[in-house]
Amino acid sequence: MQRIVPNIWCQGNANDVGHYYASVFPKTSMDAVASYPEDNLPDFQQALAGQPLVVDVTISDYRLRLINAGGEFRPTPAISFILNMDPLMFDGDEALTRERIATMWDALADGGQVRMELAAYPHSQLYGWVEDRYGVNWQLMLTDPAGEPRPLVIPQLLFTGASAQAQQAMDLYQGLFPNSGPGLVVPQGDDGGIMFAEFTLDGQWFSAMDGGTAHDFTFSPGLSLEVDCTDQNEIDTFWEALSTVPEAEQCGWLVDSFGVSWQIVPQNMAELMQHPGAYQRMLAMKKIVIAEL
């Protein structure tokens with residue numbers, strides 16, 4: 001079961017975004033799994049009454065969650081998604097794999113922004129980085145079938161700033177989640193920086209890298225990481241370990257010491273939201289208290 005689910009903040013258009021991704025990626029489905037209440041919404045959410053609140057997009061067996069909200073936040077390249085396209089997915093046919101990569105690239109680049117052209121690079125015979133029309137960043141990569149198999153989708157965290165932070169963040173996260181550990185690490189210089197690293201959290205693959213200071217973006221609630229917790233004790237543990245920005249605490253959201261936004265929620269959140277008045281009570285919370293929903 002995928003316990004950590006990336007959440008993408010949408011500008012009141014989650015249904016459109018979900019249909020778009022379902023058309024771009026193979027073996028992809030979308031499903032509206034929660035809706036806004038019809039009444040008793042705060043003024044800033046009145047226009048969303050009765051509309052989908054959460055739309056899940058499943059790429060192969062990897063789940064992304066679209067949050068239908070307003071224009072407060074937008075994703076940034078600080079969190080992107082690596083798409084590992086292995087010829088073994090196509091019975092070893094590299095030509096077909098390249099064709100599928102090119103098709104997805106064209107769809108993602110349409111109305112978007114190319115950050116690294118689709119071409120051959122030292123780390124991959126075919127690779128490109130593109131930001132789609134909704135601000136979500138994707139890295140398409142032809143994977144070496146002779147190497148260790150990777151999942152189709154791997155979120156990557158890009159740490160910008162004056163000091164190297166990727167290794168510190170990986171150490172914190174791996175110490176917090178069970179069934180976690182390091183993978184490939186490519187150092188960057190002599191300052192402890194990371195050019196590229198892979199690691200797992202509760203069995204899920206992630207990637208991290210230090211980007212230095214020459215960037216005009218950092219992490220944003222526009223792309224957050226949701227952690228589904230089994231009980232209040234788990235919620236309390238993650239909250240205590242991760243939350244460092246008191247003013248960012250709201251409705252289960254927090255920001256850690258590296259600027260990454262997390263949502264620490266009960267795994268049966270959708271069921272709890274069916275309780276009368278639960279949505280309104282949740283809006284008044286910082287850390288989620290299950291017994292009060």
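The values are calculated or read from the model by the stated rules, or taken from the named source; none is laboratory data. Only a predicted model underlies this, so the values are computations on that prediction, with no experimental measurement involved. All Cβ positions, glycine included, derive from the backbone under ideal geometry; neighbour counts span all protein chains shown. Ligands, DNA and RNA are excluded from the accessible area calculation, which covers all protein heavy atoms including side chains. Shrake-Rupley method; radii C 1.70, N 1.55, O 1.52, S 1.80 Å.
Filtered by the rule that a residue be among the hydrophobic types (A, V, I, L, M, F, W, C) and either in contact with an Asp or Glu (Cβ under 9 Å, 6 or more places away or on another chain) or closer than 17 Å to residue 65 by Cβ (or both), segment 220-247 gives 223, 225, 227, 229, 239, 241, 242, 245. For segment 34-69, a residue qualifies if it is at pLDDT 90 or above and out of contact with any Cys (no Cβ under 9 Å at 6 or more places or on another chain), and the qualifying residues are 54, 56, 57, 58, 59, 60, 61, 62, 63, 64, 65. Restricting attention to segment 14-42, the residues that are surrounded by 15 or more Cβ atoms within 10 Å (Cβ to Cβ) and either in contact with a His (Cβ under 7 Å, 6 or more places away or on another chain) or assigned to a loop (DSSP other than H, G, I, E, B) (or both) total 5. Every test in (1) surrounded by fewer than 19 Cβ atoms within 10 Å (Cβ to Cβ); (2) within 21 Å of residue 75 (Cα to Cα) is passed by residue 232 save one, and that test is (2).
Give the residues of segment 172-213 that are among the small types (Gly, Ala, Ser) and either free of Cβ contacts under 8 Å to residues at least 12 places away in the same chain or part of a strand (DSSP E or B) (or both), sorted by residue number. Scanning segment 172-213 gives 175, 181, 183, 189, 193, 197, 207, 208, 211, 212.
Residues in segment 10-61 that are farther than 19 Å from residue 221 by Cβ and β-branched (Val, Ile, Thr): 24, 28, 33, 58, 59.
Among the residues of segment 219-268, those that are touching a residue at least 60 places away in the same chain (Cβ under 8 Å) and under 11 Å from residue 7 (Cβ atoms) comprise 221, 222, 223, 224, 225, 226, 227, 263.
Applying the set (1) open to solvent by less than 30 Å² (accessible area, probe 1.4 Å); (2) out of contact with any strand residue (DSSP E or B) (no Cβ under 9 Å at 6 or more places or on another chain); (3) outside any helix (DSSP H, G or I) to residue 45 leaves exactly one unmet item: (3). Among the numbered conditions (1) more than 20 Å from residue 114 (Cα to Cα); (2) under 19 Å from the mean Cα position of the chain (by Cα), the only one that residue 191 does not meet is (2). For segment 247-285, a tally of residues being open to solvent by less than 40 Å² (accessible area, probe 1.4 Å), in a loop (DSSP other than H, G, I, E, B) and of a type in the set (A, V, I, L, M) returns 2.
Check off (1) in contact (Cβ under 8 Å) with a residue 60 or more places away in the chain; (2) touching a Leu at 6+ places or on another chain (Cβ under 7 Å); (3) assigned to a strand (DSSP E or B); (4) β-branched (Val, Ile, Thr) for residue 67 and give me the number that stays unchecked. Result: residue 67 fails condition (2) only.
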